[in-house]
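So the structure is just underneath, and the comments pick up after that.
The values are calculated or read from the model by the stated rules, or taken from the named source; none is laboratory data. Computed from a predicted model, the values in this text were never measured in an experiment. As a convention, Cβ positions derive from the backbone with ideal geometry for all residues, glycine included, and neighbour counts pool all protein chains shown. Ligands, DNA and RNA are stripped out before the accessible areas are found, and what is left, the full protein with its side chains, is counted by its heavy atoms. Shrake-Rupley method; radii C 1.70, N 1.55, O 1.52, S 1.80 Å.
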Amino acid sequence: MSLTCQVQVILNNLSKEKAETVKKALEPDNVNFPEGLSLCVENFDNKLVFNFVCNESMKKLINTIDEVLEHVQVALKVIE
Amino acid sequence: MIGLGIESTAHTFSCAILEKNGNKGKILSDVRKIYRPPDGEGIHPREASRHHLEFSPKVLSQCLQEAKIKINELDIISYSAGPGLGPCLRVGAVVARSLASFYNIPIYPVNHALGHIELGKLLTGAKNPLVLLVSGGHTMILAFLNKQWRVFGETLDITLGQILDQFGRSIGFASPCGKNIEDLALSSSNYILLPYSVKGNDVSFSGLLSATKAIVSKSKADACFSLQETAFAMISEVVERALAFTGKKELLIVGGVAANKRLSEMLQKVCKRHTCKFFIAPAKYAGDCGSQICWTGLLESKVKQGVSLKDTFVTQSWRLDSVIVNY
């Protein structure tokens, strides 16, 4: 039996411009993910939604979420 | 034309702003923050990237202030896209992409090794040199031919910077250890025979590292002296052979280890024998810095309009000899 874990992270109250900037800044690194792990980023008006899906190591999932959120934070800081 | 360069391949997070007029470049600001691992330990990629994440907004802001430039006055943004440590490279790329996207500025991925060479040429005035690139990430002898830097010798295992750092850490120094080893080596003249490994025009340092660790219990100073003499003699031999083969009349040393005076002394003698001009990148800009990335980006902007954001990759093992130089 394999366990699949889905995590959704939503960033609210972002301007459309900032949400698009963060999405574009992170997307090119969204390649060569470890097997069993995926990330999809969607931009809806004033919010950015990150969908993580993992059916392997939870450690990989936690580390990926950690790194992605750190990148979101730095992207927002440098444009402010 | 004004550019911002972002460097984040390993220990250093740096932003620099340069102004380019024709073929001349002027450094308006170059701000760095360097990750220092605990004494005796090497770089941990994720810890280094966390350091870069923490300091990148401050470094950027100080860089803009010192250059008296606003972001919307920038004509291009360039970032180091490799080779380097993945987590560290991604921080620089995210900062560059965010600015490029939000302020609609053309963006250029730059090869870090090429950056060392181009900045070295700008600051020394070397025109067509044989290049010795020696740092923690590289040990290469290079010459330019038909739009590419060709490798005329390199390390088969660890780099010159790595052997100095790994040995230095084993005797308790903090990375980067080159300066400490150089200082300690000055207090000895007792050479202990160590393995000298030159294969064709390539060098191998891993056996030398193990052998140096094995003699350190007798005297740290003798070990440092013998390590430098052996490693630098190996480098000098392959540089001399490459000079003879290529017929180049200029030698340029770039990279963090270029700051070592004993290495310069040995290579100056090689140049004298070959009536070759000797150039060395100024110590302040020999190691990793934003200026190397910015200047290379500005040079590339002569022939390219920048790349689309979706193509702004990072590649941990991006070899210099695969880069086409069109400018």
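Hey, can you grab everything whose amide H is under 5 Å from the amide H of B:Asp157? Only 5+ residues off in sequence or another chain; H modelled, so Pro and N-termini drop out. Excluding prolines and chain starts, which carry no amide H, the hits are B:Phe205.
Residue ranking by accessible heavy-atom surface, 1.4 Å probe, largest first, among B:Thr230, A:Thr4 comes out as A:Thr4, B:Thr230. Among the lysines of segment B:1-158, pairs at least eight places apart or on separate chains and with Cα atoms under 24 Å apart come to 22.
Working from label points 7 Å from Cα in the Cα-to-Cβ sense, the A:Cys5 to B:Asn128 distance is 6.0 nm. Roughly how tilted is helix A:16-26, in degrees to the nearest 10 and between 0 and 90, from the longest Cα axis of chain A? So the helix axis and the longest Cα principal axis differ by about 40 degrees. Remark: spin-label model distance B:Ser170-B:His274 equals 3.1 nm, labels positioned 7 Å along the Cα→Cβ axis. If both residues of a DSSP beta bridge must be in chain B, then about 60% of such bridges are antiparallel. In segment B:148-218, the inverse of the mean reciprocal separation of distinct Cα atoms equals 13.4 Å; this is its Kirkwood hydrodynamic radius.
Here segment B:12-134 has an Rg and Dmax of 15.4, 46 Å, counting Cα atoms alone. Secondary structure note: in segment B:126-285, about 55% of the DSSP beta bridges are antiparallel.
Take the Cβ atoms of B:Leu145 and B:Ser189, set R0 to 51 Å, and the FRET efficiency comes out at 0.80.
For B:Arg150, the residues whose modelled amide H falls within less than 5 Å of its own, excluding neighbours fewer than 5 places apart on the same chain, are B:Ala143, B:Phe144, B:Leu145. Taking all C-alpha pairs of segment B:1-55, those more than 12 Å from each other amount to 67 percent. Here the protein assembly as shown carries DSSP beta bridges of which approximately 70% are antiparallel, counting only pairs with both residues inside. Within the protein assembly as shown, the ratio Rg/Rh, alpha carbon atoms throughout and Rh by Kirkwood, equals 1.01. The loop-placed trypsin sites (Lys or Arg not before Pro) in segment B:127-181, going by DSSP, that have at most 11 neighbouring Cβ atoms within 10 Å of their Cβ come out as B:Lys127, B:Lys147. Built from the Cα atoms of segment A:3-61, the convex hull projects on average onto 4.0 nm², one quarter of its surface area. Its Cα gyration tensor gives segment B:150-297 an equivalent ellipsoid. The semi-axes, each the square root of 5 times an eigenvalue, are 25, 19, 14 Å from largest down. Remark: mean inter-chain Cβ contacts per residue of B:50-57 equal 3, using a 10 Å Cβ-Cβ cutoff to other protein chain atoms.
Using a probe of 1.4 Å on the protein chains alone, the accessible area found for B:Arg46 is around 40 Å².
Calculated FRET efficiency, B:Ala233 to A:Val31, Cβ-Cβ distance, R0 = 45 Å: about 0.55 to the nearest 0.05. With the Kirkwood sum run over all distinct C-alpha pairs, segment B:234-278 has a hydrodynamic radius of 10.5 Å.
In order along segment B:186-192, the phi-based Karplus estimate (6.51 cos²θ - 1.76 cosθ + 1.60, θ = phi - 60°) of 3J(HN,Hα) comes to 5, 8, 9, 9, 8, 7, 9 Hz; Gly and Pro are listed as x.
Taking only the C-alpha atoms of segment B:57-187, Rg followed by Dmax gives 18.2, 55 Å. For chain B, the alpha carbon positions stretch 59, 45, 30 Å along the principal axes, listed from largest to smallest.
Converting phi to 3J(HN,Hα) with the Karplus coefficients 6.51, -1.76 and 1.60 and the offset θ = phi - 60°, segment A:37-49 yields 10, 9, 9, 10, 10, 10, 10, 10, 6, 9, 9, 10, 10 Hz in sequence order, with x at every glycine or proline.
Per-residue ellipticity at 222 nm from helix content only, as computed over the protein assembly as shown with -39500 (n - 2.57) for each DSSP H run of at least four residues, stands at -13500 deg cm²/dmol. Evaluating 6.51 cos²θ - 1.76 cosθ + 1.60 at θ = phi - 60° for every residue in segment B:64-79, the Karplus couplings come out as 5, 4, 5, 7, 6, 10, 9, 4, 6, 8, 6, 8, 9, 10, 10, 9 Hz, glycine and proline recorded as x.
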